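Some notes on the structure that comes next.
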Amino acid sequence: MTTNLETLPASDKKSAGAGKPTNHRKPRESRGTLAFSRAQRTKALTKHAILILAGGLMIYPLLWMVVSSLRPNELIFREPGLWLNSLEMSNYTSGWSALTHPFGHYMINSAIVVIGSILGNLISCSMAAYAFARLQFTGKKLFFGIMLLTIMLPFHVIIVPQYILFSQIGWVNTFWPLIVPKLLATDAFFVFLMVQFIRGIPKDLDEAARIDGAGHPRIFLRVILPLMVPALATTTIFTFIWTWNDFFGALIYLTDPDMFTVPVALRAFVDSQSATSWGSLFAMSIVSLLPVFLVFLFGQRFLIKGIATTGIK
């Protein structure tokens, strides 16, 4: 008995034809599309290979220093490779106590300067940035332009008059010459960074606070400052890295070995009149890099967010 599909309802037609195989052919990709995808793949692989090679070249000196800190002193410059035949941990123990004081003493000195510089920049630069971004006063554009010009002024140009001034005050061989300038908003880069950030904050928030009776100090402390966390974090990270690695300023103002910071203490390992303990120098260099590495590692997201939200590309 045969069933005429034409007389069946639509639902029966679907069920009757459900068992029949259907041929749905996928459209074939043209040769041009395949060639284009291969070219894109080759281009991406080439870029990644170049980036890996460049990254390896940049990180090789650091890896070599780590390996050299674990080698005997006489083999450091004889074996330029990264392969270790034996571990020489004595470089770390001898380097820690090789100078007048344990190396931790110099790290504490650097920490004092770093903390003072961070607090100085956060307080002074944020206040100066609020004045340039929100207040109206005579000569505002002129002073802002002069402030930007100081970014291009090399530090070596003003070091002589600064040294004469601090010497007359009696601040040589103290940490004050390295900390006090930070309390005066001398880092124009951070002032400009915060000015750009504050300009991105809607002024409606200021107006709402002003309607509630808030003045500029309260607006700055209660409204603007809590919203400036990314810019403040960026300032903190940059100030930490630059101050921790500062060698020239500490070398000029700190001549007493008891006041040496980490960079100047590392310089003391190099002796021009006798043999230099390179293994101890490299070992303490690795130790001094650890705080910078940790700060950058945990503060990287704040650093990127702070720069990205200030209009600086």
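The values are calculated or read from the model by the stated rules, or taken from the named source; none is laboratory data. Just so we're clear, the structure is a prediction, and the values are computed from it rather than from any experiment. A quick note on method: Cβ atoms are made from the backbone with ideal geometry, for glycine too, and the neighbour counts reach across all protein chains shown. The protein model used for the area step is the full one, side chains on, heavy atoms only, and it has no ligands, DNA or RNA in it. Shrake-Rupley method; radii C 1.70, N 1.55, O 1.52, S 1.80 Å.
A few notes on this one:
- Residue in the stretch 221-231 that is outside any helix (DSSP H, G or I) and open to solvent by less than 10 Å² (accessible area, probe 1.4 Å) present: yes
- R78 charged (D, E, K, R) and either touching a Gly at 6+ places or on another chain (Cβ under 6 Å) or modelled with pLDDT of 90 or more (or both): no
- Residue list for the stretch 188-220, filter: open to solvent by less than 80 Å² (accessible area, probe 1.4 Å) and outside any helix (DSSP H, G or I): G200, I201, P202, G213, A214, G215
- Filter pass, A283 being open to solvent by less than 30 Å² (accessible area, probe 1.4 Å), in a helix (DSSP H, G or I) and more than 20 Å from V113 (Cβ to Cβ): yes
- Filter result for P177 (in a helix (DSSP H, G or I), over 30 Å from the mean Cα position of the chain (by Cα) and either without any contact (Cβ under 8 Å) to a residue 60 or more places away in the chain or farther than 24 Å from T234 by Cβ (or both)): no
- Filter result for the condition that a residue is out of contact with any helix residue (DSSP H, G or I) (no Cβ under 9 Å at 6 or more places or on another chain) and within 30 Å of F77 (Cβ to Cβ), over L281, L290, L251: L290
- Reported count of residues in the stretch 168-187, each being open to solvent by 60 Å² or more (accessible area, probe 1.4 Å) and either aliphatic (A, V, I, L, M) or touching a strand residue (DSSP E or B) at 6+ places or on another chain (Cβ under 8 Å) (or both), is 3.
Condition check ((1) at pLDDT 90 or above; (2) more than 29 Å from the chain's Cα centre (by Cα)) across all residues:
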position	(1), (2)
L84	no, yes
A98	no, yes
S117	yes, no
G139	yes, yes
M147	yes, no
F155	no, no
I164	yes, yes
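- Per the conditions (1) without any contact (Cβ under 8 Å) to a residue 60 or more places away in the chain; (2) closer than 15 Å to M147 by Cα, the sole criterion not satisfied by F190 is (1).
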